[in-house]
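Every read-out reported here was derived from the displayed coordinates using simple, explicitly stated rules and does not represent laboratory data. Fair warning: this is a prediction, and the values are worked out from it, not measured in the lab. Ideal geometry is used to build each Cβ from the backbone, glycine not excepted, and the neighbour counts take in all protein chains shown.
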Amino acid sequence: MKNNLDCNAAVDGYMFETYGKEWEAVRLREQQEPGTVWTMVSVDDDHDGDDAECRVGWILMDGIHYVNRLGYLITETPFVSTDVEPFLSVEY
């Protein structure tokens, strides 16, 4: 769902911010339409401390999460839990 509160929103106009009116819209949406909010979370896989091997990027997690959050995406169709864990990884 496009962010109707910010015509210059990131992710081609789809990302909702983690503060202000956008954050309130995300929280309200999660209450009214569970399963339609996704959190963009910053990750790095530098488990051994070797920066040469470190990959960073982000993943999407269903629901509202707080740690390392970049923003939120909202879908029109609710996510229904299955045995398969949804995962989207983008490196930068």
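Tabulated data
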| item | result |
| --- | --- |
| Projected label distance in nm at VAL43 and PHE79, using a 7 Å step from Cα toward the beta-carbon | 1.2 nm |
| Chain lengthening between ALA10 and GLU30 when straightened (0.36 nm per residue, less Cα-Cα) | 5.2 nm |
